[in-house]
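Structure record follows, encoded as structure tokens.
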Amino acid sequence: MPEISSTTDHAGIFLPFFYRLRSHGLKVTPQQWLTLIEGLARGLHGSSLMGFYSLARGIMVKDEAELDDFDLCFAAHFRGVDAEVTAIEKAVWDWLENPVPPHAIDPEWLKVMDSVDVAALRAEFERRLAEQDERHDGGDYWVGTGGTSAFGHSGGHPGGIRVGGDHGAGTAVQVAAERRYQEHRKDRVLDTRQLSVALTKLRALERTGPADELDLDDTIDSTAREGGELELVFKPPRENRLGLLLAMDIGGSMWPFKELVDTLFSAAHQARHFKQFDHVYFHNCVYERVYGNAAFSEKIQLGELFRRYDRETRLVLVGDAYMYPGEITDRFGAVDWTERNERPGADYLERMRDHFSHCAWLNPMAEHSWDAPSIRLIRRIFPMYPLTVQGVEELARDLARNGGR
Amino acid sequence: MAQDFSRFSGTDSYITSPELRHSVNVAAAIERPLLVRGEPGTGKTLLATAIAEDLGLELITWYVKSTSKAADGLYVYDTVKRLQDSRFGDHDVSDIRQYIQLGPLGRALTSERQVVLLIDEIDKADLEFPNDLLHELDVMEFSVVETGDSHRATHRPVVVITSNAEKELPDPFLRRCIFHFIEFPDEDLMTRIVRVHHPKIGKKLLEQCLARFYWLRKVKGLRKRPSTSELVDWIGALLAAGVQPGQLATEIPFLGALIKKEEDVDAVAKAMSGSSGRWPRDDA
């Protein structure tokens with residue numbers, strides 16, 4: 001067993017780190033803290049900051065979206081923790097004195113290696129480490145990863161100093177400062193997941209498929225009716241039969257909301273609870289037809305749309321409903337003159353509403369700006385919800401309860 | 001325990017990063033489930049097999065489905081069979097125990113020896129599923145209501161849980177796990193992984209395959225990027241067909257092994273014509 005340090009020592013150095021994580025928005029709990037203390041007491045960190053880094057990360061982080069926040073906190077907190085840095089430096093020097101050559105070594109590299117003066121290299125390393133104050137990937141000078149500098153790891157400089165990685169003595173601060181998990185943070189990803197969870201509330205469970213679940217009530221009933229002769233009754237399991245059709249307004253005033261609508265789209269795509277999930281496009285208001293693609297080249301007449309999707313399909317329109325009111329109330333009022341609508345837009349919207357027994361409108365604009373005349377017109381036809389996690393939740397709940405009307 | 005620490009070191013056929021090895025050992029030492037996430041095809045499921053092989057333990061796998069219930073993992077009481085048996089009086093149905101079938105979790109908790117338990121794709125089941133497992137995973141004991149028997153694990157199993165992040169897992173569950181995110185392997189690690197599966201592959205072909213593979217992963221607009229397991233299969237196909245290294249510069253034979261969606265095939269074709277046959281690295 002490695003030496004058992006007293007836990008109070010750990011607490012002295014690491015407790016502020018715990019609170020830093022909390023103040024940074026990571027939902028770490030005392031329970032996780034105690035787990036970490038337990039891990040430290042058992043020496044699972046191998047008495048190195050690198051070991052502590054991965055131990056703490058495994059315990060404190062619960063989602064790849066949090067990895068980047070953890071790295072940020074770690075780098076900020078442990079930059080300049082003297083005791084550890086000394087230990088790490090010593091390990092690097094020890095290793096440098098006794099380098100283990102790779103099994104197969106290119107003779108040319110060996111020549112370069114021989115030409116490197118270890119003392120000079122060490123001095124340079126110290127100097128650069130002191131100069132450097134941020135993460136570094138690639139490049140040919142700073143200590144970091146993937147570059148051709150003489151210092152760092154995964155690099156390509158023959159005869160350089162490797163830091164981090166398998167050796168277990170690398171500087172954890174450097175690794176943390178690399179912020180390798182940045183691309184996973186995307187606060188959007190979280191939104192997608194929250195929206196998916198919200199959308200699952202739309203599901204409607206029905207009994208379909210082969211009857212392979214024992215229906216206890218019916219079995220007792222039938223058995224009693226048969227005078228005690230056992231009569232097993234089965235029923236099909238509950239499954240979601242719900243289809244979802246997203247109709248999305250694109251172009252024009254919707255452009256600023258593109259990312260938000262994309263998020264909703266990928267959330268609906270991910271939520272696997274739907275028997276069928278499809279999407280169509282329109283611009284501002286729906287007239288004779290909708291479009292199967294964003295380029296508006298694939299036309300779907302409303303009659304065709306109604307044939308494809310039965311009235312049980314849930315229709316959710318997504319748009320800002322912000323336009324010239326005439327586009328809803330006038331014949332030939334469409335913003336795109338090629339539409340040549342024989343009837344006012346409102347008629348077509350009402351046809352859609354009448355076909356689908358459950359429908360609603362999601363508006364990416366903030367609720368307080370919903371007093372535009374066109375929005376008021378549309379709200380007379382469709383119940384409108386804001387395109388937020390909460391809005392989608394409300395929509396799902398209302399649609400499940402009363403068909404949205 | 002500390003003397004057991006660092007016992008998992010990867011196997012001949014399963015190459016790991018040092019970070020992953022550390023996470024496995026930490027989880028085993030403090031007896032928490034290891035939750036593994038990462039892109040599909042990065043070897044989440046294989047990890048449990050590798051741990052079992054390396055530690056010489058039996059592996060019990062629980063493939064979670066959308067209809068899985070937490071209680072079924074412990075045991076299933078086959079009422080239907082018992083009722084049927086009782087019908088003709090030719091079976092003794094008084095012993096309920098013969099109708100209790102242990103599930104994967106139940107078997108792991110009652111095993112005489114320590115085992116590795118893999119709960120695969122936990123996020124496929126209902127949202128409440130992980131919460132229903134909390135108690136059993138915490139105290140490692142359960143009781144069979146029908147018989148009154150209670151079982152307590154003599155050796156805590158090493159629990160590995162995989163998730164594809166399809167659904168958000170509940171916080172109380174997450175807090176009890178050691179989390180590890182398997183990063184997509186870089187070219188060095190990937191070279192080692194491919195060599196394990198195809199030891200005879202030529203250096204040049206391997207380099208070009210990897211270059212093509214990483215280029216493909218960078219093609220814009222891909223719905224599903226090819227993964228490690230697909231790369232290994234693809235290289236297998238190339239070797240079987242005797243494809244020469246030079247061929248990869250202008251075409252991608254057996255593209256279907258890497259790209260599975262029709263829209264993605266179109267996107268790749270577009271990107272290929274954009275690079276007008278030049279070696280993909282130039283415009284990656």
Can you name the residue in the stretch B:69-98 that is in contact (Cβ under 8 Å) with a residue 40 or more places away in the chain and in contact with a strand residue (DSSP E or B) (Cβ under 9 Å, 6 or more places away or on another chain) and is also nearest to the other protein chains (Cβ to nearest Cβ) among such residues?
B:TYR77
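Conditions tested, residue by residue: (1) surrounded by fewer than 21 Cβ atoms within 10 Å (Cβ to Cβ); (2) charged (D, E, K, R); (3) more than 13 Å from every other protein chain (Cβ to nearest Cβ).
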{"residue": "B:SER23", "(1), (2), (3)": "no, no, no"}
{"residue": "B:GLY56", "(1), (2), (3)": "yes, no, yes"}
{"residue": "B:LEU59", "(1), (2), (3)": "yes, no, yes"}
{"residue": "B:LYS65", "(1), (2), (3)": "yes, yes, no"}
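Among the residues of the stretch B:138-151, is there at least one that is within 14 Å of chain A (Cβ to nearest Cβ), touching a residue at least 24 places away in the same chain (Cβ under 8 Å), within 22 Å of B:SER68 (Cα to Cα) and not aromatic (Phe, Trp, Tyr)?
Quick first cut of the stretch B:138-151, residues within 14 Å of chain A (Cβ to nearest Cβ) only: B:138.
Keeping just the survivors that are touching a residue at least 24 places away in the same chain (Cβ under 8 Å) gives B:138.
Remaining after also requiring within 22 Å of B:SER68 (Cα to Cα): B:138.
Add one more test, that the residue is not aromatic (Phe, Trp, Tyr), and what stays is B:138.
Checking the stretch B:138-151: at least one residue is within 14 Å of chain A (Cβ to nearest Cβ), touching a residue at least 24 places away in the same chain (Cβ under 8 Å), within 22 Å of B:SER68 (Cα to Cα) and not aromatic (Phe, Trp, Tyr).
This table checks each residue for (1) closer than 12 Å to A:ALA247 by Cα; (2) in a helix (DSSP H, G or I); (3) among the hydrophobic types (A, V, I, L, M, F, W, C).
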site: A:HIS279; (1), (2), (3): yes, no, no
site: A:ASN293; (1), (2), (3): yes, no, no
site: A:ARG307; (1), (2), (3): no, yes, no
site: A:ARG311; (1), (2), (3): no, no, no
site: A:VAL335; (1), (2), (3): no, no, yes
site: A:ASN341; (1), (2), (3): no, no, no
site: A:LEU362; (1), (2), (3): yes, no, yes
Just give me the residues in the stretch B:210-237 being at pLDDT 90 or above and among the hydrophobic types (A, V, I, L, M, F, W, C), in sequence order.
B:LEU210, B:PHE213, B:LEU231, B:VAL232, B:TRP234, B:ILE235, B:ALA237
If a residue counts only when it is among the acidic types (Asp, Glu), which strands (runs of 3 or more DSSP E) contained entirely in the stretch B:63-163 have at least 1 such residues?
B:115-120, B:141-143
I'd like to check something: does the stretch B:32-54 contain any residue that is more than 10 Å from every other protein chain (Cβ to nearest Cβ), of a type in the set (A, V, I, L, M, F, W, C), outside any strand (DSSP E or B) and over 18 Å from B:THR162 (Cα atoms)?
no
Output the residue which, of all residues in the stretch A:51-64 that are part of a helix (DSSP H, G or I) and within 9 Å of another protein chain (Cβ to nearest Cβ), is farthest from B:SER163 (Cα to Cα).
A:GLY51
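Taking the stated definitions as given, is A:ARG331 of a type in the set (Lys, Arg) and either surrounded by 15 or more Cβ atoms within 10 Å (Cβ to Cβ) or under 36 Å from the mean Cα position of the chain (by Cα) (or both)? Don't jump to the end; show me each part of the working.
Values: of a type in the set (Lys, Arg): yes; either surrounded by 15 or more Cβ atoms within 10 Å (Cβ to Cβ) or under 36 Å from the mean Cα position of the chain (by Cα) (or both): no.
When the stated conditions are applied, A:ARG331 does not pass them.
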Pair list, Cβ under 7 Å, 6 or more apart: the stretch A:61-85 residue under 25 Å from B:PRO170 (Cα atoms), other residue modelled with pLDDT of 85 or more and assigned to a loop (DSSP other than H, G, I, E, B)
A:LEU67/A:VAL61; A:PHE70/A:VAL61
Search result, residues across the stretch B:165-202 that are within 10 Å of chain A (Cβ to nearest Cβ) and part of a loop (DSSP other than H, G, I, E, B)
B:ALA165, B:GLU166, B:LYS167, B:GLU168, B:LEU169, B:ARG176, B:CYS177, B:GLU183, B:ASP186
Could you grab me the full set of residues in the stretch B:112-130 that are over 17 Å from B:LYS69 (Cβ atoms) and surrounded by fewer than 19 Cβ atoms within 10 Å (Cβ to Cβ)?
B:GLU112, B:ARG113, B:GLN114
So which pairs qualify, if the first residue must be in the stretch A:274-299 and without any contact (Cβ under 8 Å) to a residue 60 or more places away in the chain, the second must be in a loop (DSSP other than H, G, I, E, B) and of a type in the set (Asp, Glu), the Cβ gap must be under 8 Å, and the two must be at least 6 apart or on different chains?
A:HIS283/A:ASP336; A:TYR291/A:GLU298; A:GLY292/A:GLU298
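The values are calculated or read from the model by the stated rules, or taken from the named source; none is laboratory data. Computed from a predicted model, the values in this text were never measured in an experiment. In this analysis, Cβ positions are derived from the backbone assuming ideal geometry, glycine residues included, and neighbour counts consider all displayed protein chains.
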